[in-house]
1. Identify, from the list Ala356, Ala292, Ala297, the residue that is more than 21 Å from Leu241 (Cβ to Cβ) and in a helix (DSSP H, G or I).
2. If I filter the stretch 1-37 down to residues being loosely packed, with under 15 Cβ neighbours inside 10 Å and assigned to a helix (DSSP H, G or I), which single residue comes out as farthest from the chain's Cα centre (by Cα)?
3. Quick one: which residue in Phe22, Phe8, Phe41, Phe80 is touching a Gly at 6+ places or on another chain (Cβ under 9 Å) and either of a type outside the set (Gly, Ala, Ser) or touching a residue at least 12 places away in the same chain (Cβ under 8 Å) (or both)?
4. Filter the stretch 258-295 for residues that are within 22 Å of Arg120 (Cα to Cα) and in contact with a Lys or Arg (Cβ under 7 Å, 6 or more places away or on another chain); which is surrounded by the fewest Cβ atoms within 10 Å (Cβ to Cβ)?
5. Which members of the stretch 204-229 meet the condition of being surrounded by fewer than 17 Cβ atoms within 10 Å (Cβ to Cβ), without any contact (Cβ under 8 Å) to a residue 60 or more places away in the chain and either of a type outside the set (Gly, Ala, Ser) or outside the structural domain of Phe291 (by TED's automatic domain parsing) (or both)?
6. Scan the stretch 217-245 for residues that are in a loop (DSSP other than H, G, I, E, B) and within 15 Å of Phe127 (Cα to Cα) and jot them down.
7. What are the pairs, 6+ residues apart or on separate chains, where a residue within the stretch 230-254 that is more than 10 Å from Ala288 (Cβ to Cβ) and surrounded by fewer than 19 Cβ atoms within 10 Å (Cβ to Cβ) has its Cβ under 7 Å from a residue that is modelled with pLDDT under 90 and among the basic types (Lys, Arg)?
8. Can Leu46 be described as in contact with a Phe, Trp or Tyr (Cβ under 7 Å, 6 or more places away or on another chain) and of a type in the set (A, V, I, L, M)?
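The values are calculated or read from the model by the stated rules, or taken from the named source; none is laboratory data. Since the model is a prediction, treat every value here as computed from it, not as a measurement. No Cβ is skipped: glycine too gets one built from the backbone with ideal geometry, and neighbour counts run over all protein chains shown.
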Amino acid sequence: MPALLALFYFFYFAIISVHIIFLPKVLSNVGYAPSEIGIIFAAAPLVRFLVPFVFIKGIQLNRTIFNYALVLLSFSAIAFYPSLHAFYALLLANIGLGIGLSLILPFIEVIALERIGKERYGKVRLFGSVGFILVSLVLVRFLNIPQTAIIYLIVMVLATALFGYIIAKHNTDTTPNDAHTDNGSFNLFKRWRLWAGLLLMQVSFGAFYNFFTIYETERGISLDMTIYLWSFGVIVEIIMLYFQGPLLKKNLLGILQFTTAFTALRWMLLFLYPTDIALLFTSQAIHALSFALFHSAAISYLFTLYAQRQLAQQFFFGISYGLGGFIGAVGAGYIYELWPSQLFLVAAVVAFGSFALLRSASKEASNQ
């Protein structure tokens, strides 16, 4: 099972690599306006946020729905090829892709945590980071026509669907026996501080994911050096995923607080010292905490907190990476347009807000 999960993560995050790194450039090259590209790529995080609400009243993300999601994902990816020059058809294909991606990862994450445990999770999940960076390095050498990226996308999706199907087929459902007493309907508001903290953490990343390259190059850092900084961030992420197992045996909510505090420091370093190479690499080193350790601690904490494990994972991805990603991207765009030098100061304030909410979530949990 670990090998199958590693292959699934490799190809799943290779899809993300093609989708967010290359497809916007592809659409620009074939004549789409920036506003059209924005609409197309805003659809995926919005769908990721909305999909979990379909399951909140008793519908379960079971193997049958998972298999339908794999079929939808595959056909949506294939539809990218004939739809490349048709805005509405491409938008529909991207929405289908977003629905499929939003369903299959939470299902697999629960299987991974059940079958290999949170201590070994990182050593398997790191193959997703390897897939992300490896496919981007390969594709950049062969992206001579727009259709090349679409073909890569289709191949990565079909491979993901294949390994996802095999994993689901060989998995036997287990009854959660380590969950807390969250029986009955799934209630986000019962722990609203926790969910608001998870949301704000990803909102703060909007500045980094969407404007880090622009921010640094406009301040005199070369594009080559900026790429080195991106690559260094992925490398420390992989290292943390490999060695984080012992840390996840500790207080998971405490880890979330620790990582959000360091994320606020990370963004403050970018605000105060945007051209200091040593401090830029220091900031990127914190990516090991603010992404890798935070992500693993978050899914592990929700895994033990809620009886409805798949639904909890769906809402984590929907609220944090979906809604948080959408708000972060749009908000960062407006802030950078109006106050470009203050972008990462605002991100630091938002990350500190996440820390404060997660601190208060400890008191909220102790009172329940």
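1. Values: Ala292 fails: more than 21 Å from Leu241 (Cβ to Cβ); Ala297 fails: more than 21 Å from Leu241 (Cβ to Cβ).
Testing whether each residue is more than 21 Å from Leu241 (Cβ to Cβ) and in a helix (DSSP H, G or I) leaves just Ala356.
2. Top of the filtered list is Asn29.
3. Numbers: Phe22 fails: touching a Gly at 6+ places or on another chain (Cβ under 9 Å); Phe41 fails: touching a Gly at 6+ places or on another chain (Cβ under 9 Å); Phe80 fails: touching a Gly at 6+ places or on another chain (Cβ under 9 Å).
Only one candidate qualifies: Phe8.
4. Only one residue fits best here, namely Ile286.
5. Of the stretch 204-229, the ones surrounded by fewer than 17 Cβ atoms within 10 Å (Cβ to Cβ) are 209, 213-214, 217-220, 222-225, 227-228.
From the residues that got through so far, the ones that are without any contact (Cβ under 8 Å) to a residue 60 or more places away in the chain too are 213, 217, 219-220, 222-225, 227-228.
Hits for the stretch 204-229 are Thr213, Thr217, Arg219, Leu223, Asp224, Met225, Ile227, Tyr228.
6. Here is the first cut: in the stretch 217-245, the residues in a loop (DSSP other than H, G, I, E, B) are 218-222, 244.
Selection gives Gln244 alone.
7. Going by the 7 Å Cβ cut-off, the qualifying pairs are Tyr242/Lys123; Gly245/Arg120.
8. Numbers: in contact with a Phe, Trp or Tyr (Cβ under 7 Å, 6 or more places away or on another chain): yes; of a type in the set (A, V, I, L, M): yes.
Here the answer is yes, as Leu46 does meet what is asked.
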